[in-house]
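Data first, discussion second: the structure below is written as structure tokens.
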Amino acid sequence: MKIKPLGDRVLVKPAEAKEMSKGGIIIPDTAKEKPQEGEVVAVGTGKLDDAGKVIPFNVKKGDRVLMPKYGGTEVKIDDKEYQIIREEDILGVIG
């Protein structure tokens, strides 16, 4: 199944949560933190300004981004977890 976000929304695949701490302790699923990093999978059609022109995106497919810890909408597509968030909620692009 394919999904195309609308407007200024971005589809992001969150990075996998770490299975083990730096000290070698295995972290159970219930104690894992929600990842704040992910990869842009798809971008929407763009936000419109007051004149009706499309404002270009600052992120593109394949970019690694920092996301807010809470927010966005979690979706499951073909047994994979994704998040749909607004471009303005993206905290930064990881170089």
Query raised in the report: Out of all the residues in the stretch 54-75, which are modelled with pLDDT under 90 and basic (Lys, Arg)?
Result: LYS69
Query raised in the report: From the set of residues in the stretch 8-31 that are in contact with a strand residue (DSSP E or B) (Cβ under 6 Å, 6 or more places away or on another chain) and closer than 30 Å to GLY44 by Cβ, which is modelled with the lowest pLDDT?
Result: ALA15
Report summary line: Of the candidates VAL59, VAL93, VAL54, the one satisfying the condition of being farther than 12 Å from LYS13 by Cβ and buried (at least 16 other Cβ atoms within 10 Å of the Cβ) is VAL59
Report task. For GLU39, indicate whether it is surrounded by 12 or more Cβ atoms within 10 Å (Cβ to Cβ) and modelled with pLDDT of 85 or more. Result -> yes
Query - Single residue of the stretch 62-90 satisfying the filter (under 10 Å from LEU11 (Cα atoms), touching a residue at least 60 places away in the same chain (Cβ under 8 Å) and β-branched (Val, Ile, Thr)) that is surrounded by the fewest Cβ atoms within 10 Å (Cβ to Cβ) - result: VAL75
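The values are calculated or read from the model by the stated rules, or taken from the named source; none is laboratory data. In this text, all values refer to a predicted model and were calculated from it rather than measured experimentally. With ideal geometry, Cβ positions are generated from the backbone for all residues, glycine too; neighbour counts draw on all protein chains shown.
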